[in-house]
Each structure stands twice: as structure tokens, then as C-alpha cells.
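Below is one structure, written out as C-alpha cells; comments come after it.
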Amino acid sequence: MSSVATSVMKIGRRPRFEIRNVVIVARKEIRESLRNRWFILYTIAFAVLSLALSALSMVGTGAVGFAGFGRTAAGLINLVLLIVPLMALTAGAASVAGERERGTLNYLLSQPVSRLEVMLGKYAGLALALTASLMLGFGIAALAIASRSGGADALRFARLVVLAIALSMAMLSVGFLVSTLVRRASVALGAAIFIWLALVFVGDLGLMGSTIAFKIPVADLFQLSLINPLQVFKMAALGSVNASLDVLGPAGLYGERTFGAALGPIFAGVLGAWIVVPLGLATALFLRRGGA
């Protein structure tokens, strides 16, 4: 922290927003992520499981190209749905609340740096760390796929990577919102895990159960699916891989037939809203508080 404080103090106190302060705080977050054992564990687990899924999916297919890639992509999508939201939520939840509990947030805010610069710097640093972690796992998977099918599926694989990064940014924003609402890191982490469980398990099972129990119309079922960012990622990822959402049943077919080519921008807009809105609320709350 002392090196960060020294760097910030060299800039001098200025009334206007300074991007250099944001960069300094972002570098601090990246360094702390590299020392975080849980973050390293998530990164290793994602990389190892990506390699294992890619290898197992390609073995025994007897074919290259779409057939082999489709099996690999399906496994990677499920892996992303389980690990990436948990990784991003816990990282964001521990960021502000953790520093507040340790007392380092007060020290950082006592330096010539604004609260907006601190918030944006913390988010940018963790976003870069998450992106690097995902790129490592997907890079290993890409090598396994390329060894069997060459570069024929590069574009579809790139779309999957971009969607996974967008999902991680959305969950990171939610984690930051949780972190600004509570003052204890343990409470923030508990809330993040609860949100992860709700999105992963209650989302799928709840929609299925509600559909059966209340006979929800297909249009309403599709709209409910758009509320959950994990469901949006799954629909967008499957659509980019299979070019059809019929694997998702009536809701997927309804969305495809109703919106057609506009479905992709709709998914992008929903994920974008999950990135911007929670982060905006977290920033507003952080700026309104007089103390850390």
C-alpha cells in the first residue's frame, strides 16, 4: 500500500478526474489478485477443467470441425456458468468491504485520490485480472481444439470467450454493489455466494418448476429468462455455437422466431445493463458516503 500511496501523492491533489490515479489503483488491485490464494485457485481450477473438458470432448468423436467443437463448447459453457460467476462475485464482494474492514480503505482515501477514481480503479484492476484468468483457461482449451480441428472454429470460439468475459464483468459489478452495501467482508462473501446459488440453481430449477406448476406462457418464460444474466449468457453462447436455440426448448424457439436477427443485440444489451447498472449503483453509494 505504501508504494501506491507514494505514487498517488506524486500526482498532487487536483479537483478534476485523473486517469493516472485510476491506473495506479488498478495496478494495486492486480497485484493483490496475484497474491490472493482463492483467486489463484479459481484460475488454476478453470484452466485445468477447461483442458480436461476439451480433451475429453474431442476424444472418440471420430470427426473434426463442428461436431467436435460443439461438444467442447457445450462443456465449456457449463463450466463458465459454474465457476466464472462465483469467481467474479466473490472477487467484487471482497474488494471494498475487505479493505474497509482492514482499515486500508481509509488510508487510501486519505491520499490525493477521489472516491470515483478509487472505485473505477478497483473495478478496472479486478476486471483485467479476471480477463487474464479466463484467457488462460480458454487459451489452453483453444490449443486442445486446434490440435484436432485446426482453426475452422476460431470465430465461434472467440464469440464464446467474449460472452464469458462479459458475464464475468456483469457478476463483478454485482459483487461491487454487494461490497458497498455491507461493511464486513464475511457478510459480503456470504451474500455473493447466496446470489451465485440463486442465479445458478434457483434460476434454472425455479423456471422449470414455475412453468410446470403455473403453466407460464412461452413468451413470459422467455422474458423471465432475460432477467437472469446466466440464462442470457447460456442462450447467447448456445446461439453463437449452434446457430439455433431449439436446444433450449420452447423458450429458445420463441425468442428465435420472434426476434430473429435482433436476438443477439438483445442479449448484448441485457449483459451490458448488468455491467453498467450495478456498477453505477455501487459507485453512487460509494460517492455518497462521507467516510469509508
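Every number in this text was worked out from the coordinates using simple rules, so none of it is lab data. Note that this is a predicted model, so its numbers are computed, not measured. Cβ sites come from the backbone with ideal geometry, for glycine too, and all protein chains shown count toward neighbours.
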Gained length - residue 143 relative to residue 110, 0.36 nm times residue gap less alpha-carbon distance: 7.2 nm
Using distinct alpha-carbon pairs, which all enter the 1/r mean, Kirkwood radius of region 125-189 in Å: 13.6 Å
Cβ crowding within 10 Å averaged over residues, with 130-139, 163-172, 30-39 ranked highest first: 163-172, 130-139, 30-39
Between region 164-188 and region 76-101, the alpha-carbon center distance in angstrom: 7 Å
